[in-house]
Amino acid sequence: MQWLVFCAVACLAVDILAVCLGYTLAFTLDSGLGFVTSLQLIRPVFLLGTLVIWPLAFAVFGLYRRHRPAHDDEMPRICGAVLSSALLVALITAVGRGNVARDFLATLPVVCFVTVVSGRLLTRLLAHTLDVAGGASSREVPPPPT
């Protein structure tokens, strides 16, 4: 049970880092291509408030559930959570009159999808390595009752 909680917390931490990296890459791509708005310094501070949306959307889509029968459905869940989060970020920036370039909003879901999937893959590989090396989760099946 403690191993499952550790894995869920590790996924949350890696997801937050992946989304921060996604924001940084999207902002860098947006600025590097010459589509810079006049409010370069206000835009990142305004967008920091939208970082909370991502882990909440991931939780709503069930990416932190400890008892998932199969990991086959994780990719559609990640895709749905990333697209929903990106749409909420676009809505908040439109309603809040944040001066955010459309190019940034277009690259954000793509870059965040790549970073989140990469982070999830690395987390899964690390968890599997720790599990095999140290027997972190006891998978002993009790004998059936007679």
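Values in this text are rule-based calculations from the coordinates and carry no lab data. Predicted model, so just to flag it, every value in this text is computed and none were measured.
Odds and ends about this structure:
- Phi to ³J(HN,Hα) by Karplus 6.51 cos²θ - 1.76 cosθ + 1.60 over region 121-128, Hz, x for Gly, Pro: 5, 5, 5, 5, 5, 5, 5, 5
- Residues in region 109-119 carry Karplus couplings, in order, of x, 5, 5, 5, 4, 5, 5, 5, 5, 5, x Hz; the curve used is 6.51 cos²θ - 1.76 cosθ + 1.60 with θ = phi - 60°, and Gly or Pro positions show x.
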